[in-house]
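Participant: This structure is in structure tokens; I'll ask about it shortly.
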Amino acid sequence: MNLKHVLPTVLILITFNVFSQNQVLDTEESFAKHRNSLGASFFMLGNFLKESPDYYLLTYGYRLSKKQRVFAEFNSWKYAEPLGTYNKSEEFYPGYVRAFGIGFGYQHFSWKGLFTTFQGTNFLLQYHDVNGNKTQKGFQLYLQLVAGYRFEFFNKRFYVEPAYALKYWPINTNMPTNFSEIEEGKPKYIFEPSLNFGFKF
């Protein structure tokens, strides 16, 4: 056989073999070793702005299978306007709300990195007056339906998840009267983007 035919054939076989091995590692060995993940949100960079939302997010996830993941999440932030008109509100609260939440969710990967997520978070709400003094506490049930795509890097150990979410809070208790007057008639849902990241281990 001529050398100019042998060399391309060998290169093709080596390339095929290398990519085949990587695929096996990604689907079996890599998956078995890296079921756990820790994540957060790029939106926490907003904490460096002058009007900081004091937003913090930490997520622990566990892959049940290649297509299924469950997770628990700690979430905290503050806001001074109705959530249904957030960033577009004409009226603001006479003070602000500090929220501390623990949530649980289920994530399903349907095709490559395409995913949908359902999540429920229980928020303890601490209401503050205009002077920053704590007044009373409330509870909020916060539900999310999310669609997005996961991009993975560095041997699939790190990921970024741009997504869009429908957020809905059917329960919001013990709101002070001067807050609820501003809240009255405002939507109890909002569509928002998200940009989470994390690493697998």
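The values are calculated or read from the model by the stated rules, or taken from the named source; none is laboratory data. Owing to the predicted nature of the structure, the values given are computational and were not obtained by experimental measurement. For neighbour counting, all protein chains shown are included, and Cβ atoms are generated from backbone atoms with ideal geometry for every residue, glycine included.
Participant: Can you name every residue in the range 83-121 that is of a type in the set (Lys, Arg) and either in contact (Cβ under 8 Å) with a residue 40 or more places away in the chain or over 17 Å from Gly148 (Cβ atoms) (or both)?
Facilitator: Lys88, Arg98, listed by residue number.
Participant: Something else now. Return a yes/no flag: does the range 161-174 have any residue that is among the polar types (S, T, N, Q), under 18 Å from Lys67 (Cα atoms) and either exposed (fewer than 14 other Cβ atoms within 10 Å of the Cβ) or within 17 Å of the chain's Cα centre (by Cα) (or both).
Facilitator: Checking the range 161-174: not a single residue is among the polar types (S, T, N, Q), under 18 Å from Lys67 (Cα atoms) and either exposed (fewer than 14 other Cβ atoms within 10 Å of the Cβ) or within 17 Å of the chain's Cα centre (by Cα) (or both).
Participant: Find the residue count for the range 103-133, including only residues that are surrounded by 14 or more Cβ atoms within 10 Å (Cβ to Cβ) and touching an Asp or Glu at 6+ places or on another chain (Cβ under 8 Å).
Facilitator: Of the residues in that region, 6 qualify.
Participant: Testing Lys112 on (1) over 24 Å from Ile190 (Cα atoms); (2) modelled with pLDDT under 90; (3) of a type outside the set (Asp, Glu), one condition comes back false. Which one is that?
Facilitator: Failing condition for Lys112: (2).
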